[in-house]
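Step one of this worksheet: look at the structure below.
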Amino acid sequence: MTNIKDVATKAGVSVTTVSRVLNHHPYVNEQKRKAVLAAIEELNYYPNINAVHLSKGKTHLMGVVLPYTDHPYFGLLLKGIAKKALEHNYKLVLFQTDYQKRVELEALQMLKTKQIDSLIICSRGCKWSVIEEHLQYGPIVVAEKREDQPVSSTYVNHYAAFTAALDYLYEKGHRKIGYSISRMNGTSSRDRDQAYKDFIKRHGLVYRHDYIIDKCLYFEDGRKVIERFKEIPEPPTALLATSDQVAAGLMLCCHQMNIKVPDELAIIGFDNQPIARMMNITTMEIPLEQMGENLFEQALGGEANSKEVTVSLIERGTV
C-alpha cells in the first residue's frame, strides 16, 4: 500500500511538504505543490484517516446514544444535535440502544479508545457509576439533571413539569388523575412518580396504583391505556400521557369508543409535537430541538455546566 513516504520520494520533496499539501497549507512552493499532486494521482494515494486523527488528536466524530430513532422525542433531540454538527463540520456516530447496556458500553469504549471525541447520552440504561468511570476519557454530556457530578447536562425538570400539569388538572376540578410512562425505572419516570406521590399527599387524595400505566411510548399504546381503564370500577377522569404520541392514540381510541374528551376524560400530553397541534391536544411544551443544540455545544465545549430548559403548558381542547 502506498504511503506518504512513497509520495515524497516520487515528487522529490520531503514528507513535511507532502503533509502541508494534503492539509492545504498556504505556504508551499507552487512547483512543489504540483509535483506532490501529480505523485498522489499517479500512485493513487489516499491518506490514512486514522493516522491523521491520531496526529491531530481529534476525529471530528461525536457519539450520540439514544434508545430509539423512530420516536419523535428522540428524533427532535437528534435534529438539534445534527443541525449543530453540520455547522461545526462534525460527523455523528449513532448508537441506538433499545436500552441494551452492551450498546452503551460500546459507545463508552469508543470514547475511551479515542475513536470519537465526545459522547452525548440522550437516555441511558447503564448505572451512573459506569458512566462516571469514563468521564476521564473525554466530554460526556447527558440529557438529565446531574448537578452533583462533573458532567455537562441539558435537562427537563420532570418533577416540576409534572407537578404543574397535575396542579392544572386539580384546578380544573379533577381528583381522580392517572398517568402513563414509558419505563418505570427511568430517571424521568422516577421524578414523575415522586411528583405524583407528593401531589396526592399534598391534596389528601387516595393513591391509586392502577391509575399508573407502564410501557407506553407509541401511538398504539393509547388503546392499551383506555382498555386498562375500562376494567377499573372507578376510572380516572384525567390522564397525563407519556407523550403527545400516546395522547393522540388515546384521542383516537376515545373517539372509537364514544368516550367524550374532555367531558369524560381530560388528556394532557408532553412535548408539543406536531401531532398535538394537528389534533388540538393540550400539552406540556418541551423545546427538544433547542435541547439537542445545547447538548452538542456542551459536548464541543468540554467544560462542565448544566442547563434546565423551560417547559410550558399549551392549553388546547382536551382539558
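The values are calculated or read from the model by the stated rules, or taken from the named source; none is laboratory data. Predicted, not measured: the structure shown is a model, and the values here were computed from it. Glycine also receives a Cβ, built like all others from the backbone with ideal geometry; neighbour counts cover every protein chain displayed. The area values use the complete protein model at the heavy-atom level, side chains included, leaving out ligands, DNA and RNA. Shrake-Rupley method; radii C 1.70, N 1.55, O 1.52, S 1.80 Å.
A quick yes/no check of all residues on (1) in a helix (DSSP H, G or I); (2) more than 19 Å from Y218 (Cα to Cα):
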| position | (1), (2) |
| --- | --- |
| C254 | yes, no |
| I275 | yes, no |
| A299 | yes, yes |
| V319 | no, yes |
### Unmet requirement for L78, which otherwise passes all of (1) free of Cβ contacts under 8 Å to residues at least 40 places away in the same chain; (2) surrounded by 19 or more Cβ atoms within 10 Å (Cβ to Cβ); (3) closer than 30 Å to I286 by Cβ
(1)
### Query
What about F270, is it closer than 22 Å to V225 by Cα, among the aromatic types (F, W, Y) and either at pLDDT 95 or above or touching a strand residue (DSSP E or B) at 6+ places or on another chain (Cβ under 8 Å) (or both)?
yes
### Message
Being at pLDDT below 95, of a type in the set (S, T, N, Q) and open to solvent by 80 Å² or more (accessible area, probe 1.4 Å) is the requirement here; does Q115 meet it?
### Response
yes
### Query
Residues in the stretch 266-278: is at least one closer than 30 Å to P150 by Cβ, within 28 Å of the chain's Cα centre (by Cα), of a type in the set (K, R) and surrounded by fewer than 23 Cβ atoms within 10 Å (Cβ to Cβ)?
no
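Within the stretch 165-176, track down each residue that is open to solvent by less than 40 Å² (accessible area, probe 1.4 Å) and either among the aromatic types (F, W, Y) or not in a helix (DSSP H, G or I) (or both).
Hits for the stretch 165-176 are Y168, H174.
In the stretch 147-169, how many are farther than 18 Å from V311 by Cβ and in contact with a helix residue (DSSP H, G or I) (Cβ under 9 Å, 6 or more places away or on another chain)? Can you show your working first?
As a first pass, look at the stretch 147-169 and keep what is farther than 18 Å from V311 by Cβ: 148-152.
Filter once more, keeping what is in contact with a helix residue (DSSP H, G or I) (Cβ under 9 Å, 6 or more places away or on another chain): 149-152.
Total satisfying the criteria: 4.
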#### Entry: Hits in the stretch 202-222 (condition: open to solvent by 70 Å² or more (accessible area, probe 1.4 Å) and over 26 Å from the mean Cα position of the chain (by Cα))
R202, V206, Y207, H209
### Message
Here's a check for you: in the stretch 124-152, which residue that is of a type in the set (G, A, S) and modelled with pLDDT under 95 is most open to solvent (accessible area, probe 1.4 Å)?
### Response
S129
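For the stretch 75-131, enumerate the residues that are part of a loop (DSSP other than H, G, I, E, B) and under 22 Å from S182 (Cβ atoms).
T97, D98, Y99, Q100, C122, S123, R124, G125, C126, K127, listed by residue number.
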### Query
Which residue, of V103, V65, is open to solvent by less than 40 Å² (accessible area, probe 1.4 Å), touching a strand residue (DSSP E or B) at 6+ places or on another chain (Cβ under 8 Å), closer than 16 Å to L295 by Cβ and modelled with pLDDT of 95 or more?
V65
### Task
Specify the residue that is nearest to L77 (Cα to Cα); the eligible residues are those in the stretch 237-265 that are open to solvent by less than 20 Å² (accessible area, probe 1.4 Å) and free of Cβ contacts under 8 Å to residues at least 40 places away in the same chain.
A248
### Query
For the stretch 177-201, which residues satisfy the criterion of being part of a helix (DSSP H, G or I), surrounded by fewer than 16 Cβ atoms within 10 Å (Cβ to Cβ) and either out of contact with any helix residue (DSSP H, G or I) (no Cβ under 9 Å at 6 or more places or on another chain) or touching a residue at least 24 places away in the same chain (Cβ under 8 Å) (or both)?
Q194, K197, D198, K201
